[in-house]
């Protein structure tokens, strides 16, 4: 097994943050991390002289490389060291082609610079930002077999997904004199000699890449590579003040790029009753804001459609039209040659909206190109019929588009001639008026008002089960201007607008007049969604149940992260809840990511059946306090310390979770007496 890190930076470029390279720091890193091979991969450049110095100074195999900005992603290109001058020349062309931090080259430009791509190891950012796109990945075909990921969670996900690239983890370090914490992102290869072709072979086989030297797919390293953890469920045990939380804090502080969800001890405890209830309700409503937006999305489109309608202006336009019509009739006998012309009072050709047929064409095209449901579509309509339909629809669209252009051209002529005739005539023209738009606006307001009254009715809009709790949402009316102010989160008075709350159109007009309110946000002020958490009996949760729900929600939220850490969850909850609800959820999460739980409770520590045990023990030396760490599997007879010492696993667990074997046996006998 060989340990490699093929992603590190030794030159600060325009695509990097400033740092000063330190050769001693690189040598320290290689020795401390026990690396067998490294690659120097600076952003869009290769420093030949520096590379030769590094190669002569470092006690490891050193490969030349470059990290290239390629079509929105980063690509590691690793070469052999036998043609350094040729490689350096080609890398110089990359440097010239990418002069700024927002420049990049295309795949075609890469092939032009490196025509024999199969000579190199190519590793793109895969489960790491900026990630290679599926389109760019397809261009490489079989030239790319491995992708760089950022965490053990993503590493294991790629291993299990047969369609994923072979995962590798690298440090992405900037080697500088301030380097003290050694990252744990390296990859082990099941290989003998470290040649380029042999490494390429390993990177085609998921069974030859590992996160650790032993138990490679199940274990990874943290804390400068000293502490082993399972990629599944880890339980940290130990006596009081033995360094459990201290160890957890250090793991969190050195997590680097790994996104860690850390639920600290006592952070979910119930607070003062009223304050806790208020905080809980606000938190629930805030966390569901996306659901509120989704629920009101269609209503928003209605508000957007009517917000610019001004009925007063429309009514005034009717009055002007009628007045002009009456005046024109009164003066008809006095018409001059200009006012008697047909175009003097001519109406413009009405336009048409082509969006409808365009949407129809797009829908038919979706049916044609869809591959996922091809067989189902073909059972009802053939691909030939769909193609014939889209051709006919395109012809109709083109005809209507041509007609629309002709109407626009004629309307321009009509307007121009009318303006010239009216300039030369003393007669009163009939004002233009669009009766259709006038009636449509009135109908829109009528429908809008009806819709607002409907959505303001108190009704349940959502009910979701969360580990035995029910998350319920209800649509309710606003009960005062203060509630509107809370939604806006601005120092704005809604008192005047709220007086019209029961008259939707008038209320909308009043909202438009409030300075500081965005027009696109007005839909939020008609109805609100009120979220509530109910227990298994259908009643609002109590104080203790609120804390339970918080824990379950926080654990559930960890799915968005790379790792979950919990510090003594039993401090806030009873054993039955921990056993039946929390344990099940923690166990499920640990199937997809590393989970580390600190505990001194047997319900969490033993009943959860962890994959790996971490035991902490305190000892003093002079005036200093030291924390020893031992690890192993639950089935191991002995746990092994970081220095190689061993302790009995049974004693560690009994002392940590049961207050010693005598206490455990005494309690067990007491339970037997009660049972009998």
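Just one of the numbered conditions (1) assigned to a helix (DSSP H, G or I); (2) more than 26 Å from residue 421 (Cα to Cα); (3) in contact with a helix residue (DSSP H, G or I) (Cβ under 9 Å, 6 or more places away or on another chain) is not true of residue 384: (3).
Taken as a whole, the structure leaves residue 80 outside the set of residues that are closer than 30 Å to residue 194 by Cα and in a helix (DSSP H, G or I).
The set of residues in the stretch 206-235 being part of a strand (DSSP E or B) and in contact (Cβ under 8 Å) with a residue 40 or more places away in the chain consists of 209, 210, 219, 220, 227, 228, 229, 230, 233, 234, 235. Mind checking whether some residue in the stretch 127-135 is at pLDDT below 95, in a strand (DSSP E or B) and buried (at least 17 other Cβ atoms within 10 Å of the Cβ)? Yes, the stretch 127-135 has at least one match. Only one of (1) touching a residue at least 40 places away in the same chain (Cβ under 8 Å); (2) buried (at least 16 other Cβ atoms within 10 Å of the Cβ); (3) touching a helix residue (DSSP H, G or I) at 6+ places or on another chain (Cβ under 7 Å); (4) not assigned by TED's automatic domain parsing to the domain that holds residue 355 fails for residue 466. Which number is that? Single failed check for residue 466: (2). Residue-level check: of (1) in contact (Cβ under 8 Å) with a residue 24 or more places away in the chain; (2) out of contact with any helix residue (DSSP H, G or I) (no Cβ under 6 Å at 6 or more places or on another chain), residue 96 misses just (1).
Restricting the first member to the stretch 623-637 and to residues that are in the same structural domain as residue 647 (by TED's automatic domain parsing) and surrounded by 17 or more Cβ atoms within 10 Å (Cβ to Cβ), and the second to residues that are modelled with pLDDT under 85 and assigned to a strand (DSSP E or B), the beta-carbon pairs closer than 8 Å and six or more apart or on different chains are 628/619. Listed conditions (1) in a helix (DSSP H, G or I); (2) closer than 18 Å to residue 166 by Cα are all met by residue 250, apart from (2).
I'd like the full set of residues that are assigned to a loop (DSSP other than H, G, I, E, B) and buried (at least 16 other Cβ atoms within 10 Å of the Cβ), limited to the stretch 1-12. Before you say what the answer is, go through the steps one by one.
The first filter runs over the stretch 1-12 and keeps only residues assigned to a loop (DSSP other than H, G, I, E, B), leaving 1, 6-7, 10-12.
Passing the criteria: 6, 7, 10, 11, 12.
Note on the stretch 418-437: residues that are buried (at least 16 other Cβ atoms within 10 Å of the Cβ) and either under 55 Å from the mean Cα position of the chain (by Cα) or within 12 Å of residue 314 (Cα to Cα) (or both) amount to 1. Taking the criterion of being part of a helix (DSSP H, G or I), within 15 Å of the chain's Cα centre (by Cα) and surrounded by 17 or more Cβ atoms within 10 Å (Cβ to Cβ), the only residue of the stretch 552-567 that qualifies is 558. Just so you know, in the stretch 185-195 the residues that are in contact with a helix residue (DSSP H, G or I) (Cβ under 9 Å, 6 or more places away or on another chain) and surrounded by fewer than 17 Cβ atoms within 10 Å (Cβ to Cβ) include one that is nearest to residue 1 (Cα to Cα), and it is 190. Filtering the stretch 38-50 to residues that are more than 38 Å from the chain's Cα centre (by Cα) and crowded, with 19+ Cβ neighbours inside 10 Å leaves nothing.
Residues in the stretch 52-70 that are buried (at least 20 other Cβ atoms within 10 Å of the Cβ), in contact with a helix residue (DSSP H, G or I) (Cβ under 7 Å, 6 or more places away or on another chain) and over 19 Å from residue 2 (Cα atoms): 54, 66, 68, 70.
This table checks each residue for (1) more than 21 Å from residue 353 (Cβ to Cβ); (2) touching a strand residue (DSSP E or B) at 6+ places or on another chain (Cβ under 9 Å); (3) assigned to a helix (DSSP H, G or I).
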{"position": "408", "(1), (2), (3)": "no, no, yes"}
{"position": "412", "(1), (2), (3)": "no, no, yes"}
{"position": "419", "(1), (2), (3)": "yes, no, yes"}
{"position": "422", "(1), (2), (3)": "yes, no, yes"}
{"position": "438", "(1), (2), (3)": "no, no, yes"}
{"position": "445", "(1), (2), (3)": "no, no, yes"}
{"position": "449", "(1), (2), (3)": "yes, no, yes"}
{"position": "457", "(1), (2), (3)": "yes, yes, no"}
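The values are calculated or read from the model by the stated rules, or taken from the named source; none is laboratory data. Predicted model only: the values in this text are computed from it and were never measured. Neighbour counts are summed over all protein chains in view; Cβ atoms, including those assigned to glycine, are modelled from backbone coordinates with ideal geometry.
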